Each structure stands twice: as C-alpha cells, then as structure tokens.
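What follows is a single structure, written as structure tokens, with notes after it.
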Amino acid sequence: MGGGTEAFPDLGMHCQHPECNQLDFLPFKCDSCLKVFCLDHRLYKSHDCPKSEHNSRKVVVCEICSTSIETTGRDGDDEEAILERHEKSGDCDPKKKKKPTCPVRRCREILTFSNTSTCKTCKIKVCLKHRFFADHGCDGRRSSVAPARDGSKFLAAMASRSVNGCAKEGRGGSSASPPSTPSVKAF
C-alpha cells in the first residue's frame with residue numbers, strides 16, 4: 001500500500017480505512033492498531049479501532065466526596081470496582097464534597113482556583129464578580145489579621161503630604177485664595 005505520485009513515489013500514504021483509500025501527504029498512524037489513516041479517519045471511533053480501549057482514559061467521579069479518579073482501559077476494572085477501591089482506601093471523605101462559596105449575600109458562586117480573588121484590605125476570598133470593594137461590602141479598613149506591608153508606609157507618607165503640603169498650596173507655592181471667576185459680558 002504505497003503512496004505518492006509518479007514523480008515522488010515515497011511521498012504520502014493511502015488511508016487504510018476500507019471505504020476511503022485517500023492519498024494523504026500527512027498521514028496519521030494509529031497508536032493502537034498501527035494502521036495509517038487520513039485526517040478524517042484518524043480517531044479511534046472513526047476507523048472502528050479494535051484496540052481503542054487500550055489507550056483510552058476515563059474519569060470516574062465519587063458521589064460521596066466528589067473526587068475525580070482517572071483510569072485507563074488497561075486495568076480492566078469497571079467503574080464500580082474503582083469506586084469500591086477508592087472508598088476502602090481511606091481517601092473518601094464526605095467533608096470534601098462541600099466546596100467553598102462566595103460569602104457575599106445571595107451569591108452562590110463556587111470558589112475555585114481560577115475564579116477566586118482575595119481582597120487586599122479585608123482579606124476575604126470572593127468570586128471575581130465581587131472583587132471590587134463596593135461589590136462585597138468592604139469598609140476599606142485593614143483587618144487586624146493582615147500584616148502591614150512595606151507599601152503602606154509609602155501610602156501613609158503620600159497621604160500626609162497631600163494633606164499638609166501640596167494639596168493646600170496652589171501650583172506656584174503661595175497659599176493665596178483661588179482667583180474668582182471672571183465676569184461674563186453680554187454683547
């Protein structure tokens with residue numbers, strides 16, 4: 001079952017699917033049955049691979065603790081045997097089933113690694129929809145649990161500077177009152 005053209009006989013291969021036989025210049029070799037297929041028949045299901053269970057992976061979810069268990073077809077175990085083994089191993093804990101949720105009132109968003117934000121002032125973990133101060137009811141005060149950071153000294157110095165110096169004085173440095181608004185004349 002060679003491939004190619006008259007000018008290049010070693011280029012490409014024919015699909016070994018019985019109904020296809022298409023010449024493919026970038027063929028796929030099945031890692032289970034070791035036959036060559038075109039793009040349309042490269043999947044296990046599309047060419048009805050007899051050894052497809054050999055490399056397939058499944059994920060079984062425990063109903064007790066919501067733990068996902070990955071398995072391959074090589075073991076020969078069915079899902080029930082895998083779940084029984086998981087329960088007997090001691091890793092199955094019903095307390096793990098309850099996932100943390102956003103503490104904002106009426107929000108039931110489950111907090112995961114990718115959608116959790118920690119407020120820098122009150123240190124509460126909230127979902128991304130409530131990450132801003134006003135959205136989760138943060139009063140803006142630091143909690144006593146949070147340690148002071150190096151940046152807080154800088155921010156305190158900037159706040160005292162704006163209150164004591166630059167904000168009260170005009171741009172020129174004089175503390176004169178701002179000029180009155182000019183009068184408007186009608187033409």
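Give me the residue from the range 110-127 that is surrounded by 14 or more Cβ atoms within 10 Å (Cβ to Cβ) and among the aliphatic types (A, V, I, L, M) and, out of that set, farthest from S66 (Cα to Cα).
I124
Here's the yes/no breakdown for (1) modelled with pLDDT under 80; (2) β-branched (V, I, T); (3) touching a strand residue (DSSP E or B) at 6+ places or on another chain (Cβ under 6 Å):
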| position | (1), (2), (3) |
| --- | --- |
| C33 | no, no, no |
| L43 | no, no, no |
| N55 | yes, no, no |
| V60 | no, yes, yes |
| T71 | yes, yes, yes |
| G76 | yes, no, no |
| E80 | no, no, no |
| L83 | no, no, no |
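The values are calculated or read from the model by the stated rules, or taken from the named source; none is laboratory data. Everything numeric here is computed off the predicted structure, so don't read it as measured data. Cβ coordinates were reconstructed from backbone atoms using ideal geometry, including for glycine residues, and neighbour counts include every protein chain displayed.
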